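Structure first, then comments.
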Amino acid sequence: MSTSCAEAQFLLDVAEHKMTVLRDDGGNGRHVRFSRPGTGCMHFDLITWPGYLCYTGDMGTYVFQRLTDMFEFFRTDREYKKRNGAKLAVNLPYWGEKLQATDRDGYRKYSSEKFKTNVMDWVEQRGLTGKRGHGLRDELQSEVLDHADDGADTAYRAAMDFVWNGKRVFHDFYEVDSEDYSHRFLWCCYALAWGIEQYDAVKQSAAEAVPA
């Protein structure tokens with residue numbers, strides 16, 4: 001799933017969510033809940049204390065560490081991303097580096113789609129798909145690509161064992177990264193961006209309502 005599709009799906013998932021502030025000490029201590037009234041489906045909480053943020057809920061749990069105020073940290077890319085057409089400002093590589101604890105699925109996992117793309121990129125970059133590669137695609141499909149959904153170990157072994165014209169094609173292919181961000185981590189990052197925006201909007205409205 002592309003990130004643009006994932007973003008659109010997330011926005012549908014939270015279209016009816018409401019925010020409840022369970023704790024806000026005016027500094028770095030917060031506990032903010034987002035949920036659809038009457039159900040716990042896809043609910044999530046954002047909990048901060050100095051230097052840390054814990055995202056937890058129906059879609060997993062992740063703990064991040066970087067700045068004293070972690071809401072400030074997750075606001076960093078907001079304006080830049082939105083100038084470039086994103087509805088929600090997420091920075092997956094950078095945010096992933098700040099993880100201190102992850103959901104049971106981790107934050108990156110083997111992707112069969114990325115593996116297939118890597119296989120085809122590998123043979124094309126080596127000029128094996130021209131006339132001299134007649135029949136190669138069919139062999140790759142049956143011997144390698146058909147195993148992509150059997151898990152990382154099986155897929156990589158199929159690639160490493162593949163022989164074409166008497167030679168192994170995928171020398172050192174195990175060094176090629178076929179991992180991608182997990183669905184739960186991607187959802188978490190959109191939840192962070194969206195949830196902090198909701199919190200900021202409410203705080204701004206409250207500030208504007210106070211008489212000068």
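The values are calculated or read from the model by the stated rules, or taken from the named source; none is laboratory data. Quantities reported herein were computed from a predicted structural model and do not represent experimental measurements. Please note: Cβ atoms are built from the backbone with ideal geometry, for glycine as well, and neighbour counts cover all protein chains shown. Side chains included, ligands, DNA and RNA excluded: accessible areas come from the protein's heavy atoms. Shrake-Rupley method; radii C 1.70, N 1.55, O 1.52, S 1.80 Å.
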- Task: Report, by chain and number, residues whose modeled amide H sits under 5 Å from the one on residue 61, excluding near sequence neighbours (fewer than 5 apart, same chain).
- Result: 103, 104
- Message: Just to confirm my numbers, what's the Cα centroid distance between the stretch 110-127 and the stretch 7-52 in Å?
- Response: 39 Å
- Query: Where does each of 79-89, 172-182, 48-58 land if you order them by average Cβ count within 10 Å, highest first?
  - Reply: 48-58, 172-182, 79-89
- Cα→Cβ-extended label distance, 7 Å offset, between residue 8 and residue 41, nm: 2.1 nm
- Message: Test of understanding: what is the full-extension gain from residue 65 to residue 113, defined as 0.36 nm times their sequence separation minus their Cα-Cα distance?
- Response: 14.2 nm
- Query: Straight-line reach from residue 82: which lysines have Cα under 21 Å away, leaving out those fewer than 8 places along the same chain?
  - Reply: 203
- Query: For residue 205 and residue 126, FRET efficiency with R0 = 45 Å and r from the beta-carbon atoms, rounded to 0.05?
  - Reply: 0.15
- Counting only heavy atoms of the protein chains, get the accessible area per residue of the stretch 51-178 (1.4 Å probe) and round it to a whole Å² value. 59 Å²
- Query: Which of these, 13, 105, 121, has the largest mean-square fluctuation under a Gaussian network model of the chain (Cα springs below 10 Å)?
  - Reply: 121
- Task: Summarise the accessible area of the chain (1.4 Å probe, protein heavy atoms) by the percent that is carbon and sulfur.
- Result: 48 percent
- From the phi of every residue in the stretch 101-110, what ³J(HN,Hα) in whole Hz does the Karplus formula 6.51 cos²θ - 1.76 cosθ + 1.60 yield, where θ is phi - 60° and glycine or proline is x? 8, 10, 4, 4, 7, x, 10, 10, 8, 4
- What does the accessible area of residue 128 come to, in Å² to the nearest 10, when a probe of 1.4 Å is used? 50 Å²
- Computed E for residue 179/residue 81 - FRET, C-beta separation, R0 22 angstrom, nearest 0.05: 0.45
